[in-house]
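The values are calculated or read from the model by the stated rules, or taken from the named source; none is laboratory data. No experiment lies behind these values; they were computed from the predicted model shown. We place every Cβ from the backbone using ideal geometry, glycine too, and count neighbours over all the protein chains shown.
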Amino acid sequence: MILIPIQYHKRKYPAHIRPNIDEIAGHFDVQEIFPKRDFSLHTEYSYGKRSLNSELINKFATLQNSNKDGVPKLWHSELWALEFAEYVKALCNGKAPSIIEIHPPFSDYIESIEQFLRIYKIFEESILTSFPQARILIENRSGSIYKGSKFLISKGQHLRSLCEHISAMNLKLRITLDIPQLLTAYGGPDNLGTKALSDILNRQNILESMTDGIHLWGKRRSKAGRPVAHCGDLNSFFESEEKKNIFLEWLVQFLQDKRPRYFVPEVNSADADLHSIIRDLEGMKIRFG
């Protein structure tokens with residue numbers, strides 16, 4: 001069981017783990033990137049408002065105008081997909097990304113996964129013409145300030161339907177599974193009993209062959225008692241040794257085909273929290289390489 005570590009922001013892995021791929025932000029307020037080695041481009045994820053006034057985004061009227069109160073409306077149309085491909089190419093400026101991470105649309109303007117993938121296909125065809133070796137991965141999403149709708153792909157049933165349609169349409173798209181966001185879509189570990197947690201995780205085993213990446217991070221409660229995302233480790237995320245162990249045992253099962261997956265530790269709080277997550281994974285015989 002091998003995870004390929006990706007460098008996330010300035011977090012430092014333990015000394016024996018040396019990532020060779022950098023995650024680089026590519027949201028709609030970024031107009032230049034400066035990769036020094038292999039990189040994963042993390043494109044717009046529509047959590048909050050963007051300024052949408054950079055010199056680069058000004059060249060793409062459909063991308064710029066597809067928003068609600070400043071929150072980008074991803075995959076809004078076929079023209080949006082064409083412009084998004086050109087935006088990514090312009091942002092990369094001839095430097096080929098190893099990975100391009102994309103995110104799902106909201107369900108108030110895209111009604112089905114099939115509709116989304118028909119639009120997405122235009123992007124894939126254009127991108128792979130310029131970057132034929134790039135892996136395009138879609139991350140499940142949960143949580144945004146966007147009003148009036150939720151992400152089209154957040155829960156397990158959405159991901160399973162996505163995989164069925166990807167296969168039927170013979171697309172190259174694969175999944176990077178954000179496990180904390182998946183559980184958040186069901187109310188979070190604190191609102192799930194051990195059986196419910198186990199059932200939710202085990203239902204995702206069918207995603208194994210389509211999953212090329214894993215996102216992992218913690219939550220930690222603020223002084224007011226509110227869980228703060230991307231802070232803390234698995235102990236503070238699950239707040240239960242039993243629930244943490246259910247998750248770790250499931251993850252080992254999920255990775256049992258021994259196919260390497262990319263690993264993005266979206267920890268914003270401290271290196272110590274990342275190191276704690278790594279210790280938990282290595283304690284289950286999961287290796288990094």
Pairs with Cβ under 7 Å, 6+ apart, first in the stretch 9-23 and under 15 Å from residue 263 (Cβ atoms), second of a type in the set (Phe, Trp, Tyr) and buried (at least 17 other Cβ atoms within 10 Å of the Cβ): 17/288; 19/13; 21/39; 22/39; 23/8
Condition check for residue 98: at pLDDT 95 or above and closer than 29 Å to residue 250 by Cα: yes
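Condition check ((1) part of a loop (DSSP other than H, G, I, E, B); (2) crowded, with 21+ Cβ neighbours inside 10 Å; (3) touching a strand residue (DSSP E or B) at 6+ places or on another chain (Cβ under 9 Å)) across all residues:
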residue: 33; (1), (2), (3): yes, no, yes
residue: 79; (1), (2), (3): no, no, no
residue: 88; (1), (2), (3): no, yes, yes
residue: 101; (1), (2), (3): no, yes, yes
residue: 108; (1), (2), (3): yes, no, yes
Answer residue from the stretch 280-289, given it is assigned to a helix (DSSP H, G or I) and in contact (Cβ under 8 Å) with a residue 40 or more places away in the chain and is surrounded by the most Cβ atoms within 10 Å (Cβ to Cβ) among those: 281
Entirely in the stretch 193-266, the strands (runs of 3 or more DSSP E) that have 2 or more residues that are within 23 Å of residue 158 (Cβ to Cβ) and either touching a strand residue (DSSP E or B) at 6+ places or on another chain (Cβ under 8 Å) or not charged (D, E, K, R) (or both): 211-216, 227-229, 261-265
Condition check for residue 124: part of a helix (DSSP H, G or I), surrounded by 15 or more Cβ atoms within 10 Å (Cβ to Cβ) and among the charged types (D, E, K, R): yes
Residue ID - farthest from residue 69 (Cα to Cα), chosen from residues in the stretch 142-197 that are touching a Leu at 6+ places or on another chain (Cβ under 8 Å) and of a type in the set (Val, Ile, Thr): 166
Which listed residue, of 269, 276, is on the phi < 0 side of the Ramachandran plot and part of a helix (DSSP H, G or I): 276
Residue ID - nearest to residue 46 (Cα to Cα), chosen from residues in the stretch 67-77 that are in contact with a Pro (Cβ under 8 Å, 6 or more places away or on another chain) and buried (at least 23 other Cβ atoms within 10 Å of the Cβ): 74
Condition check for residue 40: under 26 Å from residue 4 (Cβ atoms), of a type in the set (Gly, Ala, Ser) and either in contact with a strand residue (DSSP E or B) (Cβ under 7 Å, 6 or more places away or on another chain) or free of Cβ contacts under 8 Å to residues at least 60 places away in the same chain (or both): yes
